[in-house]
1. List the number of the failed condition for Gly44; all other conditions in (1) surrounded by 20 or more Cβ atoms within 10 Å (Cβ to Cβ); (2) over 22 Å from Ala117 (Cα atoms); (3) not aromatic (Phe, Trp, Tyr) hold.
2. Being over 12 Å from Tyr155 (Cα atoms) and of a type in the set (Lys, Arg) is the filter here; which residues of region 99-109 pass it?
3. Out of the residues in region 158-190 that are among the charged types (D, E, K, R) and in contact (Cβ under 8 Å) with a residue 12 or more places away in the chain, state the one that is farthest from Val83 (Cα to Cα).
4. Looking at region 173-187, can you tell me whether even one residue there is of a type in the set (Gly, Ala, Ser) and surrounded by fewer than 17 Cβ atoms within 10 Å (Cβ to Cβ)?
5. I need a count of the residues in region 28-38 that are out of contact with any helix residue (DSSP H, G or I) (no Cβ under 6 Å at 6 or more places or on another chain) and either closer than 16 Å to Lys192 by Cα or surrounded by fewer than 24 Cβ atoms within 10 Å (Cβ to Cβ) (or both).
6. Select, from Ala131, Ala153, Ala145, the only residue that is more than 22 Å from Gly221 (Cβ to Cβ) and either crowded, with 18+ Cβ neighbours inside 10 Å or of a type in the set (Val, Ile, Thr) (or both).
7. Looking at the structure I just gave you, is Leu86 within 20 Å of Gly26 (Cβ to Cβ), in a strand (DSSP E or B) and touching a residue at least 12 places away in the same chain (Cβ under 8 Å)?
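The values are calculated or read from the model by the stated rules, or taken from the named source; none is laboratory data. The shown structure was predicted, so the numbers you read here are calculated from the model rather than taken from an experiment. A quick note on method: Cβ atoms are made from the backbone with ideal geometry, for glycine too, and the neighbour counts reach across all protein chains shown.
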Amino acid sequence: MAEFGSGWSTTPAAGSRVVVTGAAGGLGRELTSVLRSLDADVVGIDRPGTAGAPGVRLVEADLTEDAAARRAVEQACGILGGVDALVGGAGIVDTVHRAKSFPLGAFRADIEANLLAQFVVAQAAYPALKATGSSSIVFLSSIAAQDGLPGQASYAAAKAGVLGLTRSLAAEWACDGIRVNAVAPGLFATPKVLAMPDSARDRLLASVPLGRVATLGEVVGSVLYLLSPAAGYTTGQILRLDGGAGLTLGGFYR
C-alpha cells in the first residue's frame, strides 16, 4: 500500500503564488490572511475604493468590465511573477425580486457579476496558469446552484453556471496541468447572516442537520484543501459545504 510522503499537505505549499478575486469581502479577507500566514505570495483583486486584509496587495478593478478585468489579472500575475492558483471569489448577492417581475437589467447584471466575470478572469489567467505546469483554480459557487433560491433566481442561475464552467474548464484544461474545482457553501458567517434576527436565521437552519451556519474558517479550509497537494488528483468537482442541508425534508430529523 502506498504511504503518504512527508511532503503531503492539505494546504498550499509555502511560496505558492495565489490571485484571489473578491479579496476585500469578508471571506476574501479571511482567505488572503490565512494564505499569507501559510507563507503564500498573494495578490487580491476587488472593486475600486475597497481595502484588502492588512499586508495583502490589492489590484483595484471592476470585474464586470472585461478589459479592466483582464488588465487586473495580468497586473496581479505580473506582481507575483507568475501564478500557481486562482480563487474566483468575487460576486454579488443582494438582488431580490420575484421571478414574475424580475427586471431584466438586474438579472443580466447578476449574471455578468457572478458568472461572466468568473470566466473572463479565468481566461485571462490561463496563460500564466499553463506556464506553471501544475496549477489550480477554485471558484466560489453556492448550494443555491443546485437547490434554487426563491426571490434570487438570477443568483441561483449564475452560480449554477459556475458549476458548469468548473466542469467544462476542468475537462479542457487538464492537459495543461490546470485543475479546476468549486466550493458551494450554504449559509456561512457573513455580516449579513450574523445580523439576521434569531427567528429568521432559525427558520433557515431548520433544514440543516448540523443546526448552525458554517464559519469563515470552514469555508476557507475547503478552498485551501482544493488548492493543496492533497487534492492533486481532484478536478471538476463541486464541494458542497452545507451542514447536511438537503439530506432531510423540512427538518423532520429533529
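1. It fails just one condition, (2).
2. Across region 99-109, the qualifying residue is only Lys100.
3. Looking at the filtered set, the residue picked out is Lys159.
4. Yes, some residue in region 173-187 is of a type in the set (Gly, Ala, Ser) and surrounded by fewer than 17 Cβ atoms within 10 Å (Cβ to Cβ).
5. Residues in region 28-38 being out of contact with any helix residue (DSSP H, G or I) (no Cβ under 6 Å at 6 or more places or on another chain) and either closer than 16 Å to Lys192 by Cα or surrounded by fewer than 24 Cβ atoms within 10 Å (Cβ to Cβ) (or both): 6 in total.
6. From the options Ala131, Ala153, Ala145, the qualifying one is Ala153.
7. Here the answer is yes, as Leu86 does meet what is asked.
This table checks each residue for (1) touching a residue at least 40 places away in the same chain (Cβ under 8 Å); (2) farther than 24 Å from Val220 by Cα; (3) surrounded by fewer than 18 Cβ atoms within 10 Å (Cβ to Cβ).
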{"residue": "Ala51", "(1), (2), (3)": "no, no, yes"}
{"residue": "Arg71", "(1), (2), (3)": "no, yes, yes"}
{"residue": "Thr95", "(1), (2), (3)": "yes, yes, no"}
{"residue": "Ala99", "(1), (2), (3)": "yes, yes, yes"}
